[in-house]
């Protein structure tokens, strides 16, 4: 796509282009160039660059409007934060693409899918240009839209990605770190869909995210599209592979945990509904979603990606990977990969324990569940049944507990 201002082919991007295409897209482009020759499957696609995002903001005169909205809001109160975010997102969603930008995007889209506009869905994924900094991690704060078909829906999805740079969470996070809202740009990747809606998908880490142990590959998987796992909406299967023995050629699967996999995300069947969530058939929920062969293949790929990035960066670089198995062809694909930046920073030579000293605590339990982290917190608790009503009826402040 040489000569284009606002778009580029995914394979043209490299790790040097983070300011232009964002961290995830730079990583995908780098892998298409350097890792696919080693046998790793990565879906093709194209990128709407951060230059397009900034030009879109400029063309629609949005920068000062957004700054005014943020400055006038008390971000520490969730009610005010929700109103602020909603106003900004609506401004962006109501904006218009210039004719040049729209022409470039549609041309790249048609080059990617040919004459299959109504038959082939694409994934539209956000990629921020400052996803991981030494003191902050912005990754995972923007949106992804799946099974998008047609130029009209594609353009809407791209604007929604632009708008997701101003989710309530992202606004609050940047304000907390005193990070300028326009010091971050947004790029969008439009990627061919892997038919995991009738297959399997999930995430994998080349590090044990609980302990920071570096010699394990941790895989979480379930049926359907991977957003259910990324959002933490289901209990997936979990597989653990021991890297040193796998490198020596052994089938080093050391643990398999069967998850409930209670729901799965599939392509929508109703008009205007790109995806929908259905109950997982009982026979599928009661069996593992990956075979041993697939577990080992995926683990080998994750280790290959880790080894490449470790060499590229000059230090150990554990990876956070999203993967999918096509339900039609049975092929495995890597759909996203980025350096893991949270647990790899922990001191692996230390174990930190937290204790509650109240001897009567077991008699005071009012709610149990699956823990996301391993620390202890305290604060006023709010039961968010009917989220919007609760937010506008009560004053909820930072560090309070929501459930």
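The values are calculated or read from the model by the stated rules, or taken from the named source; none is laboratory data. Please read all numbers here as calculations on a predicted model, not as lab measurements. Neighbour counts run over all protein chains shown; Cβ positions are idealised from the backbone, glycine included.
Say we look at the range 110-126 and pick out the residues that are in contact with a helix residue (DSSP H, G or I) (Cβ under 6 Å, 6 or more places away or on another chain) and modelled with pLDDT of 90 or more; which of these is nearest to residue 188 (Cα to Cα)?
Selected residue: 126.
Among the candidates 232, 272, 226, 249, single out the residue that is within 22 Å of residue 124 (Cβ to Cβ) and free of Cβ contacts under 8 Å to residues at least 12 places away in the same chain.
272
Working only within the range 289-334, note down all residues that are buried (at least 19 other Cβ atoms within 10 Å of the Cβ), outside any helix (DSSP H, G or I) and out of contact with any helix residue (DSSP H, G or I) (no Cβ under 8 Å at 6 or more places or on another chain).
Looking only at the range 289-334, we keep the residues that are buried (at least 19 other Cβ atoms within 10 Å of the Cβ), and these are 289-290, 294-296, 298-299, 301-302, 305-306, 308-309, 317-326, 332-334.
Retained after the next criterion (residues that are outside any helix (DSSP H, G or I)): 289-290, 317-326, 332-334.
Those that are buried (at least 19 other Cβ atoms within 10 Å of the Cβ), outside any helix (DSSP H, G or I) and out of contact with any helix residue (DSSP H, G or I) (no Cβ under 8 Å at 6 or more places or on another chain): 289, 320, 333.
Condition (residue is assigned to a loop (DSSP other than H, G, I, E, B) and either touching a residue at least 12 places away in the same chain (Cβ under 8 Å) or in contact with a strand residue (DSSP E or B) (Cβ under 9 Å, 6 or more places away or on another chain) (or both)) applied to the range 100-116: is it met by at least one residue? Please lay out each step first, then the result.
Of all residues in the range 100-116, those assigned to a loop (DSSP other than H, G, I, E, B) come to 114-116.
Right, trim to either touching a residue at least 12 places away in the same chain (Cβ under 8 Å) or in contact with a strand residue (DSSP E or B) (Cβ under 9 Å, 6 or more places away or on another chain) (or both) and you get none.
Among the residues of the range 100-116, not one is assigned to a loop (DSSP other than H, G, I, E, B) and either touching a residue at least 12 places away in the same chain (Cβ under 8 Å) or in contact with a strand residue (DSSP E or B) (Cβ under 9 Å, 6 or more places away or on another chain) (or both), which makes the answer no.
Regarding the range 254-261, can at least one residue be identified that is in a loop (DSSP other than H, G, I, E, B), surrounded by fewer than 18 Cβ atoms within 10 Å (Cβ to Cβ) and at positive phi?
Within the range 254-261, none of the residues are in a loop (DSSP other than H, G, I, E, B), surrounded by fewer than 18 Cβ atoms within 10 Å (Cβ to Cβ) and at positive phi.
Just to check your reading of the model, which residue among 187, 201 is under 28 Å from residue 161 (Cβ atoms), assigned to a strand (DSSP E or B) and assigned by TED's automatic domain parsing to the domain that holds residue 157?
Values: 201 fails: assigned by TED's automatic domain parsing to the domain that holds residue 157.
Exactly one of 187, 201 is under 28 Å from residue 161 (Cβ atoms), assigned to a strand (DSSP E or B) and assigned by TED's automatic domain parsing to the domain that holds residue 157, namely 187.
Residues checked against (1) outside the structural domain of residue 341 (by TED's automatic domain parsing); (2) within 24 Å of residue 225 (Cβ to Cβ):
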| position | (1), (2) |
| --- | --- |
| 100 | yes, no |
| 116 | yes, yes |
| 119 | yes, yes |
| 152 | yes, yes |
| 177 | yes, no |
| 205 | no, yes |
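Determine which member of the set 68, 86 is closer than 27 Å to residue 20 by Cα and over 27 Å from the mean Cα position of the chain (by Cα). Break it down stepwise before answering.
Values: 86 fails: over 27 Å from the mean Cα position of the chain (by Cα).
Exactly one residue qualifies, and that residue is 68.
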